[in-house]
Each structure stands twice: as structure tokens, then as C-alpha cells.
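Please read the structure below before turning to the comments.
Just so you know, all these numbers are worked out from the coordinates, no wet-lab data involved. Here the structure is a predicted model, which means the values were calculated and not measured. Counting neighbours? That spans all protein chains shown, and the Cβs are built from the backbone with ideal geometry, glycine included.
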Amino acid sequence: MINQEQRIAIYPGSFDPLTNGHVDIIERGLKIFDKIIVAVLYNPSKNALFSVEERMEMIRKSFINHSNKENIIVDSFGGLLVDYAKQKDAVAIIRGMRAISDFESEFQMALMNRKLSRDVQTIFLMTGLRWIFISSSILKEVARFGGDISGMAPHPVKCKMKEKFPLLKDK
Ligand code: COA
């Protein structure tokens, strides 16, 4: 149940799948906001490995023992992000910034969102140095060829990846 007076932020993305880099951003976000809605985008144009439901389930399981789990809400959305943010009474959109290469597209998205709505602010958080080289695609590539992804994604993600990629090592 969301209290109207709480400061809510949306952390949107494909999360195909969630990585430790995403976890890092969610944990940092919780130091600023009361609640974070991790919102998985329904995007039929992106050829995803996991269904939206599978991605949401992996995210939920990844935070099941987290000390702040009641403030992490997992949801999905389609359509415009700013409309979704408004519907959820969110004051901010959180985006992670890994490197300068992320900047251009993030800048463009933030400006477009600002043009569409002045009610929601985009907040960029630096991804922890340890996760700067991680993306969902690179994780999938390593897993597909049987590489070890321990320490790069939460355990429930690794288990689910194993179902898709039998070569994935059990370390
Ligand atoms: N750690 C690790 N990886 C990270 C990361 C972090 N902190 N931050 C981003 N990434 C990676 C993701 O894993 C993903 O990797 P992949 O390309 O290998 O799958 C990549 O960066 C893209 O990140 P993601 O956050 O999933 O962005 P996206 O481009 O898929 O989605 C939305 C961005 C959802 C915010 C955007 O598409 C959106 O708002 N869509 C709704 C429609 C809309 O409103 N459009 C107008 C506004 S522009």
C-alpha cells in the first residue's frame, strides 16, 4: 500500500534480466526515496530472453530477504513512462549511469520526458565501479556459452538463467 505522502521514484528498464548493477542502483535509490517502483517495460519491439512476468518474478525473489524489501515494489508498464509515473504519484525517475557512453541516450530520454511532463524529475545515479562493465546482454552472452556469472547477478537470476542456458556453470 502506497502512502500519498511518501516520496516515490520509478526505476524503469527492460531488466532482461536484473543484474547486480541494477541492484546497486535500487539500493542507492532507497537512500533518497521512501519507495522505489522497479518497473519492467512491456516492449514488444525488443527481443527479450525472459517474459515480463519472469523478469518481475526474478526481481521479487532477488529482494525477498532484503532489509528494505517492503519499500521495493515490482511492477510492469507499457506506454509513456511519464504517464506511468503520474499514475503512480512518483516524483522522480531514476536512471543508472555506468559510463560516458550512457550519457547521450540518457540525456535525450531525460529531456524528452521533461518536455512531456514537468512534474517528474530524472535523477541519475552512478553505478558502483564494480558493476560498470555489466549489462544484461553481456551477462546473457557469458551464460549462453557456459561462463560463470556468479557475483554479477542475484542468485534467483542465476537459477533462472540456468533453465535457459544448460551450459551455465553451477558454482
Ligand atoms: N547496471 C547494469 N546494467 C545496466 C544498468 C546498471 N546500473 N543501467 C542500465 N543497464 C543496462 C541494461 O542492463 C540494459 O542492457 P542491455 O541493453 O544489454 O539489455 C541497458 O543498460 C539498457 O538499459 P535499460 O534500463 O533496460 O533501458 P532501456 O533502453 O531498455 O529502457 C526505458 C529505457 C524503459 C526507460 C525507456 O525505454 C522508456 O521509458 N520507455 C517507455 C516509453 C517512453 O516513455 N518513451 C519516451 C521517453 S524517451
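Grab the eigenvalues of the alpha-carbon gyration tensor for region 1-75, scale each by 5, take roots, and send me the semi-axes largest first in whole angstrom.
Output for region 1-75: semi-axes of 22, 13, 11 Å.
Taking region 102-171, which chymotrypsin sites (Phe, Trp or Tyr not before Pro) meet the DSSP loop condition and have no more than 11 other C-beta atoms within 10 Å?
Taking region 102-171 and a limit of 11 other Cβ atoms within 10 Å, the loop chymotrypsin sites (Phe, Trp or Tyr not before Pro) found are 145.
Can you give the extra length, in nm with one decimal, that the chain gains between residue 76 and residue 46 once fully stretched, where that is 0.36 nm per residue apart less the Cα-Cα distance?
Answer, rounded to one decimal: 9.3 nm.
Excluding residues fewer than 8 places away in the same chain, name every one of the lysines whose C-alpha is closer than 17 Å to that of residue 164.
Partners found: 140.
Return one number: the angle in degrees, 0 to 90 and rounded to the nearest 10, between the long axis of the Cα atoms of helix 155-164 and the longest principal axis of the Cα atoms of the chain.
60
Provide, for region 8-132, the number of lysine pairs with alpha carbons under 28 Å apart, each pair being eight or more places apart or on different chains.
Taking region 8-132 as the scope, the lysine pair count is 22.
What do you get when you divide the Cα radius of gyration of the chain by 2.2 N^0.38 Å, with N the number of residues?
Against the empirical 2.2 N^0.38 Å value, I get 1.02 for the chain.
Do any trypsin sites (Lys or Arg not before Pro) in region 38-78 lie in a DSSP loop with no more than 12 other beta carbon atoms within 10 Å, and if so, which?
Answer in residue order: 46.
Which length gain, in nm to one decimal place, applies between residue 167 and residue 53 when the Cα-Cα distance is subtracted from 0.36 nm times their residue separation?
38.7 nm
So if R0 is 30 Å, what FRET efficiency would residue 67 and residue 129 give, r being the distance between their Cβ atoms, rounded to the nearest 0.05?
FRET efficiency, residue 67 to residue 129: 0.85.
List every residue whose amide H lies under 5 Å from the amide H of residue 122, counting only residues 5 or more places away in sequence or on a different chain, with H placed 1.01 Å from N in the peptide plane.
93
Using θ = phi - 60° and the Karplus form 6.51 cos²θ - 1.76 cosθ + 1.60, what ³J(HN,Hα) does each residue of region 69-83 get, whole Hz, x for Gly and Pro?
4, 5, 9, 10, 10, 10, 8, 9, 8, x, x, 6, 4, 5, 5
In what order do 18, 30 fall by count of nearby beta-carbon atoms within 10 Å, going from fewest to most?
30, 18
Restricting to DSSP loop positions (anything but H, G, I, E, B) with no more than 11 other Cβ atoms inside 10 Å of their own Cβ, which GluC sites (Glu not before Pro) remain in region 1-82?
Loop-located and lightly packed - 5.
List, in order, the whole-Hz ³J(HN,Hα) value for each residue of region 44-49 obtained from phi through the Karplus relation with A = 6.51, B = -1.76, C = 1.60 and θ = phi - 60°; use x for Gly and Pro.
Result, rounded to whole Hz: x, 7, 9, 7, 8, 6.
With angles folded into 0 to 90 degrees, how steeply does helix 52-62 sit against the dominant principal axis of the chain? Use alpha carbons for both and round to 10.
80
With contacts defined as alpha carbon pairs under 8 Å and 6 or more residues apart, what's the relative contact order of region 8-132 in percent?
32 percent.
Quick check: the angle from helix 20-29's long axis to the longest principal axis of the chain, C-alpha only, nearest 10 degrees?
30
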